[in-house]
1. Before we move on, is residue 78 among the acidic types (Asp, Glu), over 25 Å from residue 3 (Cβ atoms) and surrounded by 15 or more Cβ atoms within 10 Å (Cβ to Cβ)?
2. Can you tell me which residue is farthest from residue 5 (Cα to Cα) among those in the range 108-127 that are surrounded by 17 or more Cβ atoms within 10 Å (Cβ to Cβ) and in contact with a Lys or Arg (Cβ under 8 Å, 6 or more places away or on another chain)?
3. Residues of the range 13-27 being outside any helix (DSSP H, G or I) and either touching a strand residue (DSSP E or B) at 6+ places or on another chain (Cβ under 8 Å) or surrounded by 12 or more Cβ atoms within 10 Å (Cβ to Cβ) (or both), which ones?
4. When you scan the range 117-140, how many residues do you find that are modelled with pLDDT of 90 or more and either within 12 Å of the chain's Cα centre (by Cα) or of a type in the set (Ser, Thr, Tyr) (or both)?
5. If residue 148 satisfies every condition in (1) under 18 Å from the mean Cα position of the chain (by Cα); (2) of a type outside the set (A, V, I, L, M, F, W, C); (3) not in a loop (DSSP other than H, G, I, E, B) but one, which is the exception?
6. What's the number of the condition residue 93 fails, among (1) open to solvent by less than 80 Å² (accessible area, probe 1.4 Å); (2) more than 30 Å from residue 10 (Cα to Cα); (3) of a type outside the set (Val, Ile, Thr)?
7. Of a type outside the set (Asp, Glu), at pLDDT 80 or above and not in a helix (DSSP H, G or I), is that true of residue 100?
8. Failed condition for residue 10, given (1) modelled with pLDDT of 80 or more; (2) open to solvent by 100 Å² or more (accessible area, probe 1.4 Å), with all others met?
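The values are calculated or read from the model by the stated rules, or taken from the named source; none is laboratory data. On a predicted model such as this, the values are computed, not experimentally measured, just so you know. Every residue, glycine as well, gets a Cβ built from its backbone with ideal geometry; the counts of neighbours run over all protein chains shown. SASA here: full protein model, heavy atoms, side chains in, ligands and nucleic acids out. Shrake-Rupley method; radii C 1.70, N 1.55, O 1.52, S 1.80 Å.
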Amino acid sequence: MENLKTWAATLIVFSVIILLYRMLFPKGNIQKAGETVIALLMVFLMIRPVFALLSNENGKLDDFADYDFFTQSEDTQENKVLEDTIQNQLTSNGISVESVSVDASLDAENYLVIRSVEITAPDSEDEQAIYDCLQAAYQIPKEIISIRKE
């Protein structure tokens, strides 16, 4: 949904730029050439989301049947995958944890942004070892990791 809002805002801003261009430039060949360039840019901006839907990072077509057009992403599923991945990483490094909770979402450019990681660990676990493991494996900064001891 956020992508749709960003796309609509981009089109609105570009439309205002077109209006200003038409008001400021005098009639003639320069304005005609400029309007042609602007029209091509507008067409590109309008169809860019379609190309984003059609292609992924491998350049292959995505399956339209599985794509949900009305939601930005399945944040809860992504968070669950992140939680499992972090818990497996810690366990494989000999660090026992009881639970991992991640607050993350995709930004407007579809980059995953992790806001916080909450870890529940036994009292015997070294906090610095947890910080070092997550920093080395995923570059998660210490500032967004909170460790609760039980």
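1. So residue 78 does not fit the description; no.
2. 125
3. 25
4. Within the range 117-140, residues that are modelled with pLDDT of 90 or more and either within 12 Å of the chain's Cα centre (by Cα) or of a type in the set (Ser, Thr, Tyr) (or both) number 2.
5. Going through the list (1) under 18 Å from the mean Cα position of the chain (by Cα); (2) of a type outside the set (A, V, I, L, M, F, W, C); (3) not in a loop (DSSP other than H, G, I, E, B), residue 148 breaks only (1).
6. For residue 93, the exception is condition (1).
7. yes
8. (2)
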